[in-house]
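Trainee: My structure is below; once you've seen it, I'll send some questions.
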Amino acid sequence: IPRQTIPFRCRRGDDRATELSFLFRMASTAGVVLSIKDSFLALPTKTGDRALEEVEKNISSLRQVLSGDGEAGANQEQVLQIALEICKEGVLSLFVQNLPSLGWGVRKDLVICWCILLGQKVDENYCCVKYIEDHVELLDFLVVCYKKSDLALNCGIMVRECIKHPTLAKYILESNSFELFFEYVELPNFDIASDALNTFKDLLTKHETVVSVYLSSHYEQFFERYTRILTSTNYVTRRQSVKFLSEFLLEPSNSKIMKRYIQEVRFLNIMIGLLKDSSKNIKICAFHVFKVFVANPNKPPGIIEALRDNRKELLKLLHNLPASKGEDELDEERDLIIHRIEKL
């Protein structure tokens with residue numbers, strides 16, 4: 001019997017009947033995946049609603065098989081076989097390429113499937129990750145989709161799932177796509193800008209070695225762009241970017257980058273400017289970066305001169321630094337920095 005004559009999902013009957021139909025077909029993993037593939041390939045040729053309905057039913061059923069039905073967990077051997085077959089048939093590419101055509105509900109199911117599939121591995125190798133390594137244009141597509149408000153949050157989850165793996169994180173960092181995040185964090189849509197910043201943070205914190213190599217070779221380009229968002233007219237962007245910088249530079253794994261950063265007068269001037277910000281939170285985060293410039297025992301002459309020239313203003317800013325209830329450590333650090341500046 002030709003495969004196409006066996007319906008992947010029942011067109012009538014209740015949900016239980018359609019689930020039984022799907023589970024019955026699981027006897028042939030290849031058949032299941034081919035049915036999913038066929039439904040995606042049919043999108044340009046079938047009547048819109050009918051074609052989308054087929055895709056929606058297939059992805060919904062796939063999600064239930066991959067994640068379990070709530071009463072029984074998924075069959076892990078079966079899940080792995082589906083992942084292998086999906087890679088073999090190029091279905092991951094169809095998932096990504098057709099995202100803009102899908103409705104909200106099916107995109108949600110597809111994202112769940114994507115996250116589960118990327119976690120499947122054979123002999124310590126993640127099969128779907130390997131597929132994406134060979135089709136990196138999928139990563140570029142997902143990053144570009146941040147520009148589409150209805151797709152951005154779905155794509156954000158998918159990208160963050162990818163960058164859990166160092167090879168995929170490395171690709172994005174070194175690609176032109178990474179530059180787009182400096183634009184996305186300033187988008188007027190708060191939810192999308194925040195999601196983009198979360199992805200940006202993951203790219204710079206998940207894999208220490210990858211990030212260290214990237215920043216060593218792209219130091220100037222990276223901090224030139226980062227300075228722009230530190231001085232953004234968008235309050236949320238300014239606040240989140242200085243907060244992340246204060247956390248990022250003080251991580252032990254980034255000590256080499258931090259030592260290089262605090263040698264430069266241009267960056268000291270940025271922090272002095274942020275100490276003048278009207279926001280209490282921005283002032284405090286800026287202080288945590290500023291204090292490293294002052295506490296550095298090997299300050300270059302340019303830094304010493306800048307601190308000395310701005311001594312009076314800096315002392316005033318620090319004395320007026322917002323009080324921090326329950327943060328005695330911050331108050332102690334402020335007093336120490338004031339003392340060091342007074343001695344210049």
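Trainee: Mind giving me the FRET efficiency for ASN189 and ASP140? R0 is 22 Å, r the Cβ-Cβ distance, nearest 0.05 is fine.
Mentor: With R0 = 22 Å, the Cβ-Cβ based efficiency is 0.55.
Trainee: Right, something else. Order SER67, SER93, SER216, most accessible first, counting only protein heavy atoms with a 1.4 angstrom probe.
Mentor: Values: SER67 55, SER93 10, SER216 75 Å².
I get SER216, SER67, SER93, largest accessible area first.
Trainee: Under a plain spin-label model, where a point goes 7 Å from the Cα along Cα-to-Cβ, how far apart in nm are THR45 and VAL213?
Mentor: 4.4 nm
Trainee: For LEU344 paired with LYS276, estimate the spin-label separation in nm (one decimal), with each label point 7 Å from Cα along the Cα-to-Cβ line.
Mentor: Label-label distance for LEU344 and LYS276, simple model: 1.5 nm.
Trainee: Does the stretch 182-312 come out rounded, prolate or oblate, given a ≥ b ≥ c as the square roots of the eigenvalues of its C-alpha gyration tensor, rounded meaning a/c under 1.5 and, failing that, prolate meaning a/b above b/c?
Mentor: On the way: a/c = 2.07, a/b = 1.24, b/c = 1.67.
Oblate, because a/c is 1.5 or more while a/b does not exceed b/c.
Trainee: How would you classify the stretch 97-145 from its alpha-carbon gyration tensor, with a ≥ b ≥ c the square roots of the eigenvalues: rounded for a/c under 1.5, else prolate if a/b is greater than b/c, otherwise oblate? Write down the numbers at each step before the final one.
Mentor: Working: a/c = 3.48, a/b = 1.47, b/c = 2.36.
Oblate shape, in that a/c is at least 1.5 and b/c is the bigger or equal ratio.
Trainee: For the stretch 134-184, what's the relative contact order in percent, using C-alpha pairs closer than 8 Å and at least 6 residues apart? Kindly include the intermediate steps, with their values, before the conclusion.
Mentor: On the way: 29 pairs, mean separation 19.1, N = 51.
Reported as a whole number, the value is 37 percent.
Trainee: In this model, which of LYS130/LYS164; LYS164/LYS259; LYS243/LYS316; LYS280/LYS316; LYS206/LYS256; LYS259/LYS316 are farther than 24 Å apart at the alpha-carbon? Before the final figure, lay out each step's value.
Mentor: On the way: LYS130/LYS164 13 Å; LYS164/LYS259 27 Å; LYS243/LYS316 22 Å; LYS280/LYS316 15 Å; LYS206/LYS256 17 Å; LYS259/LYS316 27 Å.
Too far apart for the 24 Å limit: LYS164/LYS259; LYS259/LYS316.
Trainee: Separate question: What is the helix-to-structure angle for 76-88, meaning the angle in degrees between its Cα long axis and the longest Cα principal axis of the chain, kept from 0 to 90 and rounded to the nearest 10?
Mentor: It is inclined by approximately 90 degrees.
Trainee: Let me know the shape class of the stretch 88-212, please: from the alpha-carbon gyration tensor, a ≥ b ≥ c as square roots of the eigenvalues, rounded when a/c is under 1.5, otherwise prolate if a/b is greater than b/c, or oblate.
Mentor: oblate
Trainee: Now a separate question. May I ask you to derive the relative contact order of the chain, considering only C-alpha pairs under 8 Å and at least 6 residues apart, and to give it as an integer percent?
Mentor: The value is 8 percent.
Trainee: While we're on this one: Which angle between 0 and 90 degrees, to the nearest 10, do you get for helix 265-275 versus the longest principal axis of the chain when only C-alpha atoms count?
Mentor: Between the helix axis and the principal axis of the chain, the angle is about 90 degrees.
Trainee: Just to make sure I understand: if all protein chains stay in place, what is the order of THR29, THR237 by accessible area at 1.4 Å, largest first?
Mentor: The most accessible residue leads, giving THR29, THR237.
Trainee: Sticking with this one: Is it possible to state the helix-based mean residue ellipticity at 222 nm for the chain, with each DSSP H run of 4+ residues giving -39500 (n - 2.57), the sum divided by total residues, to the nearest 500 deg cm²/dmol? What is it?
Mentor: -21500 deg cm²/dmol
Trainee: Further question on the same structure: Which whole-number value in Å² is the accessible area per residue of the chain, probe 1.4 Å?
Mentor: For the chain, the solvent-accessible area averages 50 Å² per residue.
Trainee: So the label point goes 7 Å from the Cα of GLN97 along Cα→C-beta, right? Which residues of the stretch 159-192 then have their backbone N under 20 Å from it?
Mentor: It comes to 159, nothing else.
Trainee: Give me the Kirkwood hydrodynamic radius of the stretch 224-291 in Å, from all C-alpha pairs, to one decimal place?
Mentor: Taking the inverse mean of 1/r over all distinct Cα pairs, the stretch 224-291 comes out at 11.9 Å.
The values are calculated or read from the model by the stated rules, or taken from the named source; none is laboratory data. Only a predicted model underlies this, so the values are computations on that prediction, with no experimental measurement involved. Neighbour counts are summed over all protein chains in view; Cβ atoms, including those assigned to glycine, are modelled from backbone coordinates with ideal geometry. Surface accessibility is based on the protein's heavy atoms, side chains included, excluding ligands, DNA and RNA. Shrake-Rupley method; radii C 1.70, N 1.55, O 1.52, S 1.80 Å.
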